[in-house]
Amino acid sequence: MPTCNCPVGTVIPTITPSTCPYDVGQIQKLIFQRAGQVAAAAATTAALEATWTALAAATGNTKIETTPYVYNAMIAQGDAIIEGGGDNATLNGIGIVNETNPSTFTGYFREQQQSVIAAIRDYQCETIQVYFVNHLGKLICGTNDDGDIVGFPLHALFISDPELGGYGVADKNHIQFQLKAEWADGMTFITPETGWSFLEL
């Protein structure tokens, strides 16, 4: 596989289980930013309201924008891309895992004016990264090799036309995008400083 080192180490890799439960929870908002930007140089800086207030007010590539609440947000894991299997193409009919498909985010915006949806759709023309905000008001983000706080690069962004549910059912605009394989490597949680929440952005 492309992620394998060759030759392998002298011993198999060490696995150190987490000492605390690690769970993203319910994703409720998305924060968009142009790809390749650094939100903060450290987790402590990323926890400050002032850091994100400045990013929201920025007039250049570092600017962030927060979506309305997203309902039924889910990320389906990418499955294996397997060559052969069950036939003569591979030894003993055992498939070979060559790669991993991207993961797919899905959700919907509820009862939003279509001018808001049109503004979000404009991001289809951008190369952007995304931060997730969970139900506890925490930020779910990535870290690069330098330890900087960054977003997750997203691809194939799609925003639907309205789904009109009729009487007793809210109108919806669906959102979908893809995250490349192994997108969550380096994922970390940022707990905001006391007195505010990332949901307030």
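Observations
- Screening E163 on (1) surrounded by 14 or more Cβ atoms within 10 Å (Cβ to Cβ); (2) touching a Lys or Arg at 6+ places or on another chain (Cβ under 8 Å); (3) over 30 Å from A50 (Cβ atoms); (4) not aliphatic (A, V, I, L, M) shows it passes everything except condition (1).
- A residue that is buried (at least 18 other Cβ atoms within 10 Å of the Cβ) and farther than 23 Å from A76 by Cα cannot be found anywhere in region 167-181.
- Residue among A39, A56, A89 that alone is touching a strand residue (DSSP E or B) at 6+ places or on another chain (Cβ under 8 Å) and either buried (at least 18 other Cβ atoms within 10 Å of the Cβ) or among the aromatic types (F, W, Y) (or both): A39
- Among the residues making up region 63-76, those that are surrounded by 16 or more Cβ atoms within 10 Å (Cβ to Cβ) and under 25 Å from G147 (Cβ atoms) are I64, T66, I75.
- Residues being within 20 Å of the chain's Cα centre (by Cα) and farther than 19 Å from I120 by Cβ - total across region 33-45: 7
- Cβ-Cβ contacts under 8 Å between residues 6 or more apart (or on different chains), taken from a first residue in region 118-133 that is closer than 26 Å to A46 by Cβ to a second residue that is of a type in the set (K, R), are listed as E126/R34; T127/R34; I128/R34; Q129/R34; F132/K29; V133/K29.
- Search result, residues across region 135-153 that are of a type outside the set (V, I, T), in a strand (DSSP E or B) and buried (at least 18 other Cβ atoms within 10 Å of the Cβ): L139, C141, G142, F152
- Contacts under 9 angstrom Cβ, first residue in region 141-165 being closer than 15 Å to T127 by Cα, partner at pLDDT 95 or above and acidic (D, E), 6 or more apart: L157/E126
- Residue match in region 184-197 (condition: in contact with a Lys or Arg (Cβ under 8 Å, 6 or more places away or on another chain), crowded, with 17+ Cβ neighbours inside 10 Å, of a type outside the set (S, T, N, Q) and over 22 Å from L55 (Cα atoms)): no
- The one condition in (1) in a strand (DSSP E or B); (2) under 17 Å from P68 (Cβ atoms) that A156 fails to fulfil: (2)
- Criterion (hydrophobic (A, V, I, L, M, F, W, C) and either under 15 Å from the mean Cα position of the chain (by Cα) or exposed (fewer than 14 other Cβ atoms within 10 Å of the Cβ) (or both)) met by exactly one of L48, L30: L30
- Residue in region 7-22 that is touching a strand residue (DSSP E or B) at 6+ places or on another chain (Cβ under 9 Å), at pLDDT below 95 and not in a strand (DSSP E or B) present: yes
- Subset of region 145-163 (residues that are touching a strand residue (DSSP E or B) at 6+ places or on another chain (Cβ under 9 Å) and either at pLDDT below 95 or of a type in the set (D, E, K, R) (or both)): D148, D161, E163
The values are calculated or read from the model by the stated rules, or taken from the named source; none is laboratory data. All of these numbers come straight from a predicted model, not from anything done at the bench. Note that we place each Cβ from the backbone using ideal geometry, even for glycine, and neighbour counts take in every protein chain shown.
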